[in-house]
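Okay, so here's the structure we're looking at.
Read the figures in this text as sums done on the coordinates, not as results from a lab. Keep in mind that what you see is a predicted model, and the values were worked out from it rather than measured. Ideal geometry is used to build each Cβ from the backbone, glycine not excepted, and the neighbour counts take in all protein chains shown.
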Amino acid sequence: MDCNKTGVLESGAFELIGCSPKMQKVFDLIPLLARTDASVLITGETGTGKDKIAEIIHKKSARARFPFIKINCGALPAGLLESELFGHVQGAFTGATRNKRGMFELAHHGTLFLTEIGDMPLPLQVKLLSVLDDREFVPVGGEQKVKVDVRIIAATHRPLREQIQNNTFREDLFYRLHVLHLHLPPLRERGEDIRALLDHFLYKFAKALGKQLVGFTPEATQALVDYHYPGNIRELSNIVEYVVNICKKKKIEKDILPPYIFEMPQGKERPELSGEGREKTVDAAPAVLGEDERVAKSWNEIERQMIVDTLKKFGGNRTHSARELGWGRMKLYRKMKAYGLM
Ligand SMILES: Nc1ncnc2c1ncn2[C@@H]1O[C@H](COP(=O)(O)OP(=O)(O)O)[C@@H](O)[C@H]1O
Ligand SMILES: [Mg+2]
């Protein structure tokens, strides 16, 4: 079950863990995706590594010396997203006091990573499609066309084909982006990777916190291997960060693991938790576990602590914190309010 060295793909500062056959296939595709300039669509549940893989593809490509710009299409209202992407000219709208370059221009010669592309409003999908075709666009409120040389990587946790069926995603844009497609399997389909990921994150967080931890007890390891991680690698990382934080011994023992990992049905997906990964799980967990208040409470404590730690890490910056947590700013705001953090 353990990963050996071949399960690690190293690329400069990046380290990708995965000895499972499914991840090995992904690793094999990365150099190919890096070698071309075609658009890539990365799909997979929240927390499966879409952002990380996008960045690695860029870093291994001929564009590596130029910027990698990431924008979350689900985190901003349509008007703001348009001006973030394409820039605006002075006077384009109230508050546009000067010309502002958009992400497309900032990513010139580099890669623009459009995450949560499934959340992009339809009118912007039209504009994006025309940029992909013509490699030029007009900033909001402007007249002059701007030419750009940008490679697009898009990602989504949504089933885009279903969105095409219900007319929330344009079919032509889908095929334009889908030229190269990479699917990241959920962690529960690559259980072989769990042990290596646990060690990887234990090392990372223990080092960051200056703690002398030597590992997990066999019972703790077993419990963590048995858990089904609806929030995928991000959830695993959060759990390890949490236990490293609170651990007072040399080894991480089973009794300090978050209780909810024992309460969830093992090996069996709860229908209401499937598909959308952690985004949904975080919201659903306390309600699902409503009968057992102790569990719900401990989940809330973990989540609250996670928010506090992230805010601390980014000096209170909510935009950066939300990004780190994989949430939109509004979601972070709501959670902070709910936990009395503002
Ligand atoms: N194969 C991997 N090996 C090690 N860490 C990973 C791997 N895939 C993802 N991660 C880490 O897991 C977390 C979630 O990954 P991310 O790319 O943000 O997922 P997504 O964009 O699919 O929600 C990040 O901290 C990322 O660095
Ligand atoms: Mg992401």
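Of note:
- Other-chain or far-sequence residues with amide H under 5 Å of HIS183's (modelled H): THR43
- Where labels lie 7 Å past Cα in the beta-carbon direction, separation of LYS251 and ASN166 in nm: 4.9
- Cα-projected label distance for ARG334 with LEU32, points at 7 Å along beta-carbon direction, nm: 4.0
- Length-normalised contact order of the range 5-183 in % [C-alpha pairs under 8 Å, at least 6 apart]: 28
- The H on the amide N of PHE216, modeled in the peptide plane, is under 5 Å from the matching H of ILE252, each at least 5 residues off or on a different chain.
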